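Asks: Once you've had a glance at the structure underneath, I'll fire off some questions.
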Amino acid sequence: STYVWDLNKPAVHPRASHLPPELYGQGWVAVSVAKSWQEIVDPLLPYYRTDLPLPASLTSRLDAIAAKYINPTERLTEAMRLVQDEIRYVSLSIGNGAILPRSPTEVMATGYGDCKDKALLLASSLRYLGIEAVVALTDLDSGKFIAKLPPSLLAFDHAIVKARLNNNDIWLDATDFSQGGRGFAIEQPHYGYALP
């Protein structure tokens, strides 16, 4: 199929002086061969599994959290702090690292990870502690527009965690650090839309 857009003598709109230089003043078209967001999710699911064995270096820490805290809210908070504050954030966005996370075992062994690595580590840790959690893809700058785009992996540049606590969803950004509060009092990310 060939699609042609022809715009004759468009009105000129002067560039606003207060906008960042990376914003384009032209129109754009987004195209995708995917018919639904599920077509984006299905190929990624095997790489974002939270039920794989975790390394002993992590399970010993999680067991200590479970022994100290019975309340799921406290367990969530402590697991989040472990991942946020003790695993360094390092972006690994080349090759497969642009899309696929490294395993929790590799992240714990190296002590660092990017947003996908840390999100998978946190979601896996929460699952180990009996809290339902999945990785969700979003966009730092354009998350509010994802619902208006055709389904595409290119719509995302960040990964966060969607957890279920007391029959309510809570969103966590594992790349954040030194967050105060506990449970739902923790500031949740406001990226707009996300794809679990």
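Asks: Run lengths n ≥ 4 of DSSP H only: what is the helix-derived mean residue ellipticity at 222 nm for the chain, with -39500 (n - 2.57) per run over all residues, to the nearest 500?
Replies: Computed ellipticity for the chain at 222 nm equals -8500 deg cm²/dmol.
Asks: Share of antiparallel DSSP beta bridges in the chain, in percent to the nearest 5?
Replies: Bridges in the chain are about 85 percent antiparallel.
Asks: Another question about this same structure. In a Gaussian network model over the chain where Cα atoms closer than 10 Å are linked, find which of Asp117, Asp169, Asp157 has the largest mean-square fluctuation.
Replies: Of the options given, Asp169 has the highest mean-square fluctuation.
Asks: Give me the extension gain from Asn168 to Ser142: residue separation times 0.36 nm, minus the current Cα-Cα distance, reported in nm with one decimal. Don't jump to the answer; show the numbers that get you there.
Replies: Numbers: separation 26, 0.36 × 26 = 9.36 nm, distance 2.49 nm.
Answer, rounded to one decimal: 6.9 nm.
Asks: Accessible area per residue, 1.4 Å probe, Å², for the chain: what's the number? Spell out each step's value before the answer.
Replies: On the way: 12200 Å² over 196 residues.
Ligands and nucleic acids excluded, the result is 62 Å² per residue.
Asks: Which values, in whole Å and largest first, are the semi-axes of the equivalent ellipsoid of the range 25-73 obtained as the square root of 5 times each eigenvalue of the Cα gyration tensor? Before the final figure, lay out each step's value.
Replies: Working: eigenvalues 336, 51, 24 Å².
Working from the Cα gyration tensor, I get semi-axes of 41, 16, 11 Å.
Asks: Note down the relative contact order for the range 132-196 as a percent, whole number, built from C-alpha pairs under 8 angstrom at least six residues apart.
Replies: Relative contact order of the range 132-196: 43 percent.
Asks: I've got another one for you. Report the extension gain between Arg81 and Tyr3 in nm, rounded to one decimal, defined as 0.36 nm multiplied by the number of residues separating them, less their alpha carbon distance.
Replies: Full extension of this stretch gives 23.1 nm more.
Asks: Tell me the carbon and sulfur percent of the accessible area for the range 28-158, rounded to whole percent, probe radius 1.4 Å.
Replies: Working: 4030 of 7020 Å².
C and S atoms contribute 57 percent here.
Asks: Need the C-alpha centroid separation for the range 127-180 versus the range 29-63, integer Å.
Replies: 12
Asks: A further question on this structure: Taking Cα pairs under 8 Å and at least six residues apart, what relative contact order does the chain come out at, in percent?
Replies: 22
Asks: Can you pull the percent of Cα pairs in the range 63-102 with separation above 15 Å? Show your work: numbers first, answer last.
Replies: Details: 434 of 780 pairs.
Roughly 56 percent, once rounded to a whole number.
Asks: Just list whichever of Lys9/Lys35; Lys118/Lys148; Lys118/Lys144; Lys116/Lys148 have alpha carbons separated by over 26 Å in the model shown. Before the final figure, lay out the partial values.
Replies: Numbers: Lys9/Lys35 33 Å; Lys118/Lys148 28 Å; Lys118/Lys144 23 Å; Lys116/Lys148 24 Å.
Table pairs above 26 Å Cα-Cα are Lys9/Lys35; Lys118/Lys148.
Asks: Kindly sort His190, His158 by accessible area of their heavy atoms, largest first, with the probe set to 1.4 Å. Intermediate results must be reported in sequence, preceding the final value.
Replies: Working: His190 135, His158 15 Å².
In descending accessible area the options line up as His190, His158.
Asks: What helices in the chain pass both tests, a Cα length along the helix axis of 15 Å or more and a mean Kyte hydropathy of -0.5 or higher, using whole DSSP H runs?
Replies: Correct list, ordered by number: 56-68, 115-128.
Asks: Separate question: Can you pull the Rg over Rh of the range 108-196, Cα-only, Kirkwood? Write down the numbers at each step before the final one.
Replies: Working: Rg = 13.2 Å, Rh = 13.6 Å.
Looking at the range 108-196, the ratio lands at 0.97.
Asks: Whose amide H sits under 5 Å from the amide H of Ala136, counting only residues 5 or more places off or on another chain, with H placed in the peptide plane?
Replies: Counting only residues 5 or more places away or on other chains, the set is Ile160, Val161, Lys162.
Asks: Something else about it: For the range 44-196, state what percent of all Cα-Cα pairs lands in each successive 10 Å bin, counting from 0 Å until the bin that includes the largest distance.
Replies: 12, 44, 35, 9, 1
Asks: Now for a separate question. Using 0.36 nm per residue, how much length does the chain from Ser91 to His18 gain when fully extended, once their Cα-Cα distance is taken away?
Replies: Working: separation 73, 0.36 × 73 = 26.28 nm, distance 2.97 nm.
Additional length available on full extension: 23.3 nm.
The values are calculated or read from the model by the stated rules, or taken from the named source; none is laboratory data. Since we're looking at a predicted model, the values are computed, not measured. Just so you know, the surface numbers come from the protein's heavy atoms only, side chains and all, with ligands and any DNA or RNA stripped out. Shrake-Rupley method; radii C 1.70, N 1.55, O 1.52, S 1.80 Å.
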